[in-house]
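The values are calculated or read from the model by the stated rules, or taken from the named source; none is laboratory data. The model shown is predicted, which means the values in this text are computed figures rather than measured ones. Cβ placement follows ideal geometry from the backbone for every residue including glycine, while neighbour counts extend to all protein chains displayed.
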Amino acid sequence: MLPPGSQTIVIMKQLLLIFTILFSAPALFAQTNDIKTEAFKVEGNCNMCKKRIEKAAFVKGVKRAEWDKESHVLNVVYRPSKTTATEIAKAVAKVGHSSEKLEAAEADYKELPQCCQYKTHSCND
Ligand SMILES: [Cu+2]
């Protein structure tokens, strides 16, 4: 026989364990669920464009942004609770780069260095 009182302790420990699991599981689930990867095409030419696009795409909530010069595909990893792909596309358009999601305003496009003006130029580097 266990000494009196120790059984209560065992039950309390088990309850504590159950509560810990119950309360931490949704938190863990929410965290792993709050991450999204998306890829969309962004127009651009060179490594300068790459830097500009990736910097712009790094809005609040973005964990990773990578633009491929060859395929013109921008890969973003972000928290859907903090931002959206549309928000990222907006930020990218603001620095002059059109994407399949959003056309950049002509005035923003004209701000690009000449070689980066992808509609009429191409730079080789
Ligand atoms: Cu460029």
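Select from the range 32-61 the residues that are part of a helix (DSSP H, G or I), of a type in the set (S, T, N, Q) and within 16 Å of the ligand (Cβ to nearest atom) and list them in ascending order.
Asn47
Does the range 72-119 hold any residues that are assigned to a helix (DSSP H, G or I) and more than 16 Å from the chain's Cα centre (by Cα), and which are they?
Within the range 72-119, the subset assigned to a helix (DSSP H, G or I) is 85-94, 106-110, 114-116.
Within the range 72-119, Ala93, Lys94, Glu106, Ala107, Asp108, Tyr109, Lys110, Gln114, Cys115, Cys116 meet the criteria.
Run Ser122 past the list (1) small (Gly, Ala, Ser); (2) outside the structural domain of Lys51 (by TED's automatic domain parsing); (3) part of a helix (DSSP H, G or I) and report the number of the one that doesn't hold.
(3)
Looking at the range 82-124, which of its residues are surrounded by fewer than 13 Cβ atoms within 10 Å (Cβ to Cβ), of a type outside the set (Asp, Glu) and more than 16 Å from the ligand (Cβ to nearest atom)?
Matches in the range 82-124: Thr86, Ala107.
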